[in-house]
Amino acid sequence: MKIDRLVSIIMILLEKERIGAQELADMFEVSPRTIYRDIDTINMAGIPVCSIPGVGGGFEIMQKYKIDKKVFSTADLSTILMGLSNLSTMIRGDELVNALAKVKSFIPADRAKDIELKANQIYIDLSPWIDNRNIQAYLEIIKTSLLESKLLSFEYADRYGNKTTRTAEPYQLVLKNSHWYLQGYCLKRNDFRLFKISRISNLQIQKEPFTPRDYQKPTLDFADIVATMQKTIKIRIHKSVMDRVLDFCAYEHFSPDGNEHYIVSFPFIENEYYYNILFSFGDKCECLEPSHIRTEMKRRIHDIATLYEN
């Protein structure tokens with residue numbers, strides 16, 4: 001994990017006068033380029049690390065800079081512990097336990113109670129109420145393959161249930177909107193792909209290691225694209241589904257309609273996903289306008305009714 005590696009690099013720099021990028025890369029089994037990025041991150045955190053070129057060169061903390069346990073403020077340590085503790089609810093493993101132990105070693109005894117109190121003020125649990133039992137096991141398999149740079153083989157189902165056999169080079173685990181994804185290079189498609197882990201079955205690590213290629217990060221922010229596609233529709237909802245509708249739009253978009261209902265300006269894209277959102281509210285939601293979306297809702301309702309009649 002990156003947080004664990006950053007903390008470990010800081011501790012190594014505290015113990016050694018100077019260490020080379022390649023030595024650090026070998027120690028953590030990453031590329032020298034990754035180590036250079038880590039050093040940049042440490043510098044941005046306020047710990048000045050110098051790079052000494054030439055034979056016998058490497059990284060060192062500035063000689064006139066004195067670092068001790070007080071380098072981390074109460075807020076710093078609380079934030080780090082909060083992040084590590086909440087991450088451990090999603091990814092279990094020795095590396096997180098070790099990272100927590102190392103960070104806690106920086107906590108002075110006289111600040112321990114205050115820091116623990118602040119670290120527990122925010123609790124983040126991104127796991128669903130009803131979980132897919134394979135997810136946690138698959139996360140551990142993928143973590144192992146990432147560490148060992150070994151290929152993964154699996155069956156993958158598309159959104160229509162069609163299965164294909166895939167072999168992929170794993171590069172990143174992604175948590176997006178409470179769903180886990182594997183970003184990898186698919187040898188079947190000869191391109192990078194983002195695989196939803198809940199659609200994966202028969203996941204196995206292959207014996208052959210692979211040589212990592214230049215990594216292509218997945219596109220995860222579609223806010224600008226969605227903004228150009230979205231339109232606002234008007235729906236009438238019963239107050240019993242108000243909390244669920246608030247997941248999609250702000251309270252400022254609600255106008256009371258009598259004692260039991262609200263008129264809502266609802267963000268909408270004309271695709272299956274958004275139509276299914278409206279249907280998920282059942283008879284507690286009515287689309288008022290525009291007329292063509294209201295007509296499409298009626299057509300879909302008729303198709304459902306016909307299905308049950310037959």
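Brief remarks follow.
- Cα shape, region 175-298, gyration tensor, a/c 1.5 rule: prolate
- Whether region 136-194 is rounded, prolate or oblate, judged on the alpha carbon gyration tensor where a/c under 1.5 counts as rounded: oblate
- In the complete set of protein chains, residue-level accessible area for Met27 is approximately 90 Å², probe 1.4 angstrom.
- Taking chymotrypsin sites (Phe, Trp or Tyr not before Pro) across region 155-264, the ones in a DSSP loop with at most 11 further Cβ atoms lying within 10 angstrom of their Cβ are Tyr160, Phe222.
- Ile301 accessible area, 1.4 Å probe, all protein chains in place, Å² to nearest 10: 90
- Aspartates and glutamates whose Cα lies under 17 Å from that of Lys163, excluding same-chain neighbours fewer than 8 positions away: Glu155
- Taking every lysine pair in region 191-310 that is 8 or more places apart or spans two chains, those with Cα atoms closer than 29 Å amount to 12.
The values are calculated or read from the model by the stated rules, or taken from the named source; none is laboratory data. On a predicted model such as this, the values are computed, not experimentally measured, just so you know. FYI the Cβ positions are ideal-geometry reconstructions off the backbone, even for glycines, and counts take in every protein chain you see. Accessible surface areas use protein heavy atoms only, side chains included; no ligands, DNA or RNA. Shrake-Rupley method; radii C 1.70, N 1.55, O 1.52, S 1.80 Å.
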